[in-house]
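The values are calculated or read from the model by the stated rules, or taken from the named source; none is laboratory data. What you see is a predicted model; the values in this text were computed from it and never measured. We place every Cβ from the backbone using ideal geometry, glycine too, and count neighbours over all the protein chains shown. Please note that ligands, DNA and RNA were not included when accessible areas were found on the heavy atoms of the full protein model with its side chains. Shrake-Rupley method; radii C 1.70, N 1.55, O 1.52, S 1.80 Å.
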Amino acid sequence: MSKQTLPKAMTIAGSDSGGGAGIQADIKTMTSLHVYATSVITSVTSQNTKGVDGIHNIPAEFVGKQIRAVLSDIGTDAIKIGMLSSAEIIKEVTSSLKAFPEQSRNVVVDPVMISTSGSRLLAEDAIQALINDLLPITYILTPNVPEAEFLLNMTPGSIKTIEDMHHAASKLAQLGPTYILLKGGHLPFKTKDKDQVIDLVYNSLDHSFHEITNDYVNTPNTHGTGCTLSAALASELAKGVKVESACENAIRYVKVAIAQTLDNIGHGRGPINHFHPLRWSPYQGKSFIEACKETLPKGLWSDFIDHPFVRGIADGTLPIESFTYYLKQDYLYLQHYARAASLAAYKSSTMDMIGLNAAIVLHITNESRLHLDICSKFGITKEDVLATPESVFNSAYTRFVLDKGTSGDILDLKIAMLPCLLGYGEIGLKLYNDPATKKDGNPYWDWICQYAAEDYQQAVRTGLAEIERLADEYISTSAVRFKDVCKTFEQATRLEVMFWEMGLRLC
């Protein structure tokens with residue numbers, strides 16, 4: 001039997017006695033990501049969730065001794081470097097790594113220089129040693145916005161826009177790193193209905209930019225996020241993952257760790273949850289819905305949300321007869337969709353869930369009224385709608401949903417309904433916020449506004465949260481069940497595509 005070879009990553013950082021950051025966070029992260037972790041301790045701190053009340057630096061010579069001991073025997077596939085508290089330690093780390101060039105190619109540096117309160121943490125000579133000695137051998141530098149401003153001698157608050165981030169990342173690369181991951185957590189951008197964080201990857205080899213966008217999670221328990229991200233990134237590199245994907249994976253790990261924050265750890269700014277991947281699941285490290293979408297055949301989701309029917313709505317070129325036929329069929333579909341939501345209430349096991357699904361029925365009822373209002377603008381009465389024969393495409397889709405609900409459990413039903421909930425939410429916001437969407441004179445603008453409206457988007461968020469909870473309850477660790485519900489999701493997505501086709505074919 002062949003031996004299993006684990007990827008290895010080394011962390012060079014300080015010790016956090018509270019366990020939320022530093023060496024402790026790094027080892028938790030690397031272990032959670034199935035990477036063998038080695039460590040080099042540069043300082044020992046006395047700290048908890050309320051703050052740091054003491055730092056004891058390890059002699060620089062002994063820091064180098066630790067590095068040489070690990071690399072000469074165990075070796076490593078990637079290296080994460082955290083806060084180095086003196087010029088002597090920085091120079092020792094740099095010279096020790098240069099003695100092992102093959103093992104020092106994937107060096108990730110988290111330039112911890114400014115405290116959360118804005119205080120400067122490094123002396124001037126240490127900052128110069130960081131810039132002159134360490135950054136030239138750095139593969140990926142992971143500053144946040146204040147650290148980027150500090151390294152570039154910019155006035156605090158100078159980086160305000162995504163364009164500013166682009167400029168700063170390219171300037172940072174001139175200091176030596178091959179890649180810059182400029183973290184946007186200190187600079188959330190407001191969209192129509194929520195705050196979002198944009199993390200920016202800059203590749204100095206081809207001067208390209210890659211933006212990674214996620215929803216901003218508002219929580220005070222963020223201690224150790226920078227340490228964790230850089231450790232997760234080193235772990236992904238150790239596995240051989242390419243830089244952009246490694247950054248995406250590391251950011252996703254931290255996002256879930258923040259969203260699933262630990263409760264009752266100390267009385268100050270608590271740590272994030274490094275343990276979330278340890279309970280194996282078929283969609284490990286991701287949300288259920290993200291993982292479900294990733295199982296779709298390539299291009300299928302785009303076939304749905306970017307269908308020619310949708311593009312015709314966006315620019316107003318969709319033939320009126322196609323849209324009015326779709327409106328009539330969609331009203332009939334909403335009747336069945338309300339029946340499905342009622343079935344979900346019947347299958348619910350608690351009063352809270354019954355009430356939630358009953359509220360969905362009421363929301364669909366209200367949506368159907370808005371639907372008739374739009375119909376009236378095109379000269380279509382409720383009687384016209386109800387007199388319209390149901391399309392075979394409509395029948396196929398609605399019977400599929402109801403069949404899944406009657407033959408399966410509540411999760412099967414919700415997954416069959418998921419493409420409609422998720423897709424219309426995405427389409428509404430996408431068309432509403434797209435500058436290319438025609439507004440003035442577009443006969444379909446009211447329809448777009450209906451699905452971009454906050455009440456609809458809130459219904460989407462509520463529905464998605466319910467599905468995540470149901471997935472956690474019903475799928476647990478079953479890969480077979482996950483595969484089955486993904487098949488349901490794929491089939492329902494294909495039926496959504498055919499619903500658009502129905503509108504174009506008028507049948």
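Does the stretch 307-322 include one or more residues that are open to solvent by 60 Å² or more (accessible area, probe 1.4 Å), touching a residue at least 40 places away in the same chain (Cβ under 8 Å) and assigned to a loop (DSSP other than H, G, I, E, B)?
no
Taking into account only those residues within the stretch 340-371 that are β-branched (Val, Ile, Thr) and in a helix (DSSP H, G or I), which is nearest to LEU470 (Cα to Cα)? Outline the logic, then answer.
Taking the stretch 340-371 and keeping what is β-branched (Val, Ile, Thr), we get 350, 354, 360-361, 364-365.
Filter once more, keeping what is in a helix (DSSP H, G or I): 354, 360-361, 364-365.
Details: ILE354: 14, ILE360: 16, VAL361: 19, ILE364: 21, THR365: 24 Å.
In this case the residue turns out to be ILE354.
Given the condition open to solvent by less than 20 Å² (accessible area, probe 1.4 Å), touching a residue at least 24 places away in the same chain (Cβ under 8 Å) and touching a strand residue (DSSP E or B) at 6+ places or on another chain (Cβ under 7 Å), answer yes or no: does some residue in the stretch 127-137 qualify?
Yes, there is a match, as at least one residue in the stretch 127-137 is open to solvent by less than 20 Å² (accessible area, probe 1.4 Å), touching a residue at least 24 places away in the same chain (Cβ under 8 Å) and touching a strand residue (DSSP E or B) at 6+ places or on another chain (Cβ under 7 Å).
Going residue by residue through the stretch 239-247, is there one that turns out to be touching a strand residue (DSSP E or B) at 6+ places or on another chain (Cβ under 6 Å), open to solvent by less than 30 Å² (accessible area, probe 1.4 Å) and of a type in the set (A, V, I, L, M)?
yes
Within the stretch 35-51, how many residues turn out to be in contact (Cβ under 8 Å) with a residue 40 or more places away in the chain, within 28 Å of the chain's Cα centre (by Cα) and within 21 Å of GLY75 (Cα to Cα)?
Residues in the stretch 35-51 being in contact (Cβ under 8 Å) with a residue 40 or more places away in the chain, within 28 Å of the chain's Cα centre (by Cα) and within 21 Å of GLY75 (Cα to Cα): 1 in total.
Output yes when any residue across the stretch 385-404 is among the hydroxyl-bearing types (Ser, Thr, Tyr), open to solvent by 10 Å² or more (accessible area, probe 1.4 Å) and without any contact (Cβ under 8 Å) to a residue 12 or more places away in the chain, and no when none is. Quick ask: steps written out before the conclusion?
First, the residues of the stretch 385-404 that are among the hydroxyl-bearing types (Ser, Thr, Tyr): 388, 391, 395, 397-398.
With the extra rule that they be open to solvent by 10 Å² or more (accessible area, probe 1.4 Å), the set shrinks to 388, 395.
Filter once more, so that each one left must be without any contact (Cβ under 8 Å) to a residue 12 or more places away in the chain: 395.
Within the stretch 385-404 (the criterion being among the hydroxyl-bearing types (Ser, Thr, Tyr), open to solvent by 10 Å² or more (accessible area, probe 1.4 Å) and without any contact (Cβ under 8 Å) to a residue 12 or more places away in the chain), the answer is yes, since at least one residue qualifies.
Could you grab me the full set of residues in the stretch 412-422 that are open to solvent by 20 Å² or more (accessible area, probe 1.4 Å) and either charged (D, E, K, R) or in contact with a Pro (Cβ under 8 Å, 6 or more places away or on another chain) (or both)?
Answer for the stretch 412-422, where residues must be open to solvent by 20 Å² or more (accessible area, probe 1.4 Å) and either charged (D, E, K, R) or in contact with a Pro (Cβ under 8 Å, 6 or more places away or on another chain) (or both): just ASP412.
Kindly indicate which of ASP434, ASP409 is open to solvent by 10 Å² or more (accessible area, probe 1.4 Å), over 26 Å from the mean Cα position of the chain (by Cα) and acidic (Asp, Glu).
Values: ASP434 fails: over 26 Å from the mean Cα position of the chain (by Cα).
Exactly one of ASP434, ASP409 is open to solvent by 10 Å² or more (accessible area, probe 1.4 Å), over 26 Å from the mean Cα position of the chain (by Cα) and acidic (Asp, Glu), namely ASP409.
Do we find a residue being β-branched (Val, Ile, Thr), open to solvent by 10 Å² or more (accessible area, probe 1.4 Å) and over 24 Å from ASN221 (Cβ atoms) anywhere in the stretch 53-60? Explain how you work it out, then say what you get.
First, pick out the residues of the stretch 53-60 that are β-branched (Val, Ile, Thr): 55, 58.
Filter once more, so that each one left must be open to solvent by 10 Å² or more (accessible area, probe 1.4 Å): 55, 58.
Next, from what is left, pick out any that are over 24 Å from ASN221 (Cβ atoms): 58.
The answer is yes, given that some residue of the stretch 53-60 is β-branched (Val, Ile, Thr), open to solvent by 10 Å² or more (accessible area, probe 1.4 Å) and over 24 Å from ASN221 (Cβ atoms).
Please find, among ALA87, ALA21, ALA69, the residue that is open to solvent by 40 Å² or more (accessible area, probe 1.4 Å) and not aromatic (Phe, Trp, Tyr).
On inspection, the qualifying residue turns out to be ALA69.
For residues in the stretch 174-226 being basic (Lys, Arg) and part of a loop (DSSP other than H, G, I, E, B), which is surrounded by the fewest Cβ atoms within 10 Å (Cβ to Cβ)?
Selected residue: LYS192.
Here's the yes/no breakdown for (1) free of Cβ contacts under 8 Å to residues at least 60 places away in the same chain; (2) under 30 Å from the mean Cα position of the chain (by Cα); (3) closer than 18 Å to LEU229 by Cα:
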{"position": "ASP53", "(1), (2), (3)": "yes, no, no"}
{"position": "SER85", "(1), (2), (3)": "no, no, no"}
{"position": "SER96", "(1), (2), (3)": "yes, no, no"}
{"position": "GLU102", "(1), (2), (3)": "yes, no, no"}
{"position": "ILE140", "(1), (2), (3)": "no, yes, yes"}
{"position": "ASN144", "(1), (2), (3)": "no, yes, yes"}
{"position": "LEU152", "(1), (2), (3)": "yes, yes, no"}
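Among the residues in the stretch 462-480, are any surrounded by 13 or more Cβ atoms within 10 Å (Cβ to Cβ), without any contact (Cβ under 8 Å) to a residue 40 or more places away in the chain and touching a Phe, Trp or Tyr at 6+ places or on another chain (Cβ under 9 Å)?
No: the stretch 462-480 contains no residue that is surrounded by 13 or more Cβ atoms within 10 Å (Cβ to Cβ), without any contact (Cβ under 8 Å) to a residue 40 or more places away in the chain and touching a Phe, Trp or Tyr at 6+ places or on another chain (Cβ under 9 Å).
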